[in-house]
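Let me begin by presenting the structure, written as structure tokens, before commenting on it.
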Amino acid sequence: MGAVLLDGKSLSREIEDDLKLRVSKLKKNGIEPHLAVILIGDDIASHVYVRNKENACKRTGIISTKVILPMATLEEEVLQIIDEMNKNNDIHGILVQSPTPRHIDELKITERIDPTKDVDGFHPWNLGKLVQGDMRGLIPCTPAGIMKLLNNAKINLVGKKVTVIGRSRIVGMPLSLMLAQKGVDATVTITHSRSKDIEKICMTSDVIIAALGRPEFVKKEWIKHSTVIVDVGISRIIDSSTNKYELVGDVESSAMEKASYMTPVPGGVGPMTIAMLLTNTVNAANSN
Ligand code: GUN
């Protein structure tokens, strides 16, 4: 029997429906939730992601402002724009799309954003709250979306062996904290590019969360029957048999035959990330 799909697209639309109501209530009280996105350079995938964020804002009634800057923009110029957005009471959420060009220090950029407008949840103030198990800060969107997907499918993580592949600031690291926190109670193994025997670790895992950005890295043979698989990756590759482009995740899609639950690619984690970004924006507007 194949895996049950963890359908992020339909869950994200339910979340958006709730947000639409919250947004219209806020508007009645004179608050218009507003997300500002800064995109530096011409990375094609980033432009697509930002367009998806804009479209989701439109669907839910959130105002969105997009600032597109050329690749050669100086770090100081970006910091100045952030300072202006921090001061602007009409803007509730600020996001600088990652990756930024190499000459721009993402950590410096993140620290400059007012933590109450940090809808990515990457500011040390918000991450510090997360480390302390305080979920009242703004929570990183992809990890929050994954937790919602697992929770919605009533997948109990207490005492389960969960392997996270990838230790990024955006996904792997904050997600590992959320999985290990009290109340979730998973036993978390963080693996990364220097880890040995990832394959063996996967074979004894109840849940595998692949977030390393390498197409089809996790093989069907690496997983035991009934493993839960969350695939954060999305890469465009050429299918050698058809010579056509296709989207694949970090896990071979045939793993579906052994898994108990699995996120599809696309339509799994991606839409949940956006739904959590909108949620953070509405929460930020609400607490102003
Ligand atoms: N690039 C890929 N994912 C993200 C995200 O969640 N936030 C930002 N700012 N950039 C990203």
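The values are calculated or read from the model by the stated rules, or taken from the named source; none is laboratory data. Quick caveat: nothing in here was measured; it's all calculated off a predicted structure. Neighbour counts are summed over all protein chains in view; Cβ atoms, including those assigned to glycine, are modelled from backbone coordinates with ideal geometry. Note: areas computed on protein heavy atoms with side chains; ligands, DNA, RNA excluded. Shrake-Rupley method; radii C 1.70, N 1.55, O 1.52, S 1.80 Å.
Going through Asp118, Asp105, Asp114 one at a time, which residue ends up being over 30 Å from Lys182 (Cβ atoms), charged (D, E, K, R) and at pLDDT 95 or above? The unique qualifying residue is Asp105. Only a single criterion out of (1) open to solvent by 30 Å² or more (accessible area, probe 1.4 Å); (2) in contact (Cβ under 8 Å) with a residue 12 or more places away in the chain; (3) within 13 Å of the ligand (Cβ to nearest atom) is not satisfied by Ile104, namely (1).
So for the range 53-62 (the condition being in contact (Cβ under 8 Å) with a residue 60 or more places away in the chain, in a loop (DSSP other than H, G, I, E, B) and open to solvent by 50 Å² or more (accessible area, probe 1.4 Å)), does at least one residue qualify? No, the range 53-62 contains no residue that is in contact (Cβ under 8 Å) with a residue 60 or more places away in the chain, in a loop (DSSP other than H, G, I, E, B) and open to solvent by 50 Å² or more (accessible area, probe 1.4 Å). Close Cβ contacts (under 7 Å, 6 or more residues apart or on different chains) running from residues in the range 114-134 that are under 18 Å from Ser168 (Cβ atoms) and within 15 Å of the ligand (Cβ to nearest atom) to residues that are assigned to a helix (DSSP H, G or I) and open to solvent by 40 Å² or more (accessible area, probe 1.4 Å) comprise His123/Glu111; Leu130/Leu177. Can you confirm whether the range 166-184 contains a residue that is within 13 Å of Asp250 (Cα to Cα) and either open to solvent by less than 60 Å² (accessible area, probe 1.4 Å) or within 16 Å of the ligand (Cβ to nearest atom) (or both)? The answer is yes, given that some residue of the range 166-184 is within 13 Å of Asp250 (Cα to Cα) and either open to solvent by less than 60 Å² (accessible area, probe 1.4 Å) or within 16 Å of the ligand (Cβ to nearest atom) (or both).
Residue count for the range 255-287 satisfying the condition of being among the β-branched types (Val, Ile, Thr), within 15 Å of the ligand (Cβ to nearest atom) and open to solvent by less than 10 Å² (accessible area, probe 1.4 Å): 2.
Every condition in (1) of a type in the set (A, V, I, L, M, F, W, C); (2) crowded, with 18+ Cβ neighbours inside 10 Å; (3) more than 23 Å from Ile91 (Cα to Cα) holds for Val131 except the one numbered (2). For the residues Gly30, Gly2, the requirement of being at pLDDT below 95 and farther than 14 Å from Met276 by Cβ singles out Gly2.
With respect to being part of a strand (DSSP E or B), among the hydroxyl-bearing types (Ser, Thr, Tyr) and closer than 28 Å to Gly128 by Cβ, Thr281 falls outside the description. Here Ile38 fulfils each of the conditions (1) open to solvent by less than 30 Å² (accessible area, probe 1.4 Å); (2) in a helix (DSSP H, G or I) apart from (2). Comparison of Ile190, Ile229 shows that the only residue that is in contact with a strand residue (DSSP E or B) (Cβ under 7 Å, 6 or more places away or on another chain), open to solvent by 10 Å² or more (accessible area, probe 1.4 Å) and under 29 Å from Tyr49 (Cα atoms) is Ile190. Per the listing Lys219, Lys200, Lys224, the residue uniquely free of Cβ contacts under 8 Å to residues at least 60 places away in the same chain, over 22 Å from the mean Cα position of the chain (by Cα) and more than 24 Å from Gly2 (Cβ to Cβ) is Lys200. Highlighted here are the helices (runs of 4 or more DSSP H) found entirely within the range 120-234 that include at least 1 residues which are closer than 19 Å to Ser98 by Cβ and touching an Asp or Glu at 6+ places or on another chain (Cβ under 6 Å): 124-131. Only a single criterion out of (1) closer than 23 Å to Ala285 by Cα; (2) of a type in the set (Val, Ile, Thr); (3) within 13 Å of the ligand (Cβ to nearest atom) is not satisfied by Ile62, namely (3). Considering each residue of the range 136-144 in turn, at least one proves to be away from the ligand (no atom under 13 Å from the Cβ) and open to solvent by 10 Å² or more (accessible area, probe 1.4 Å).
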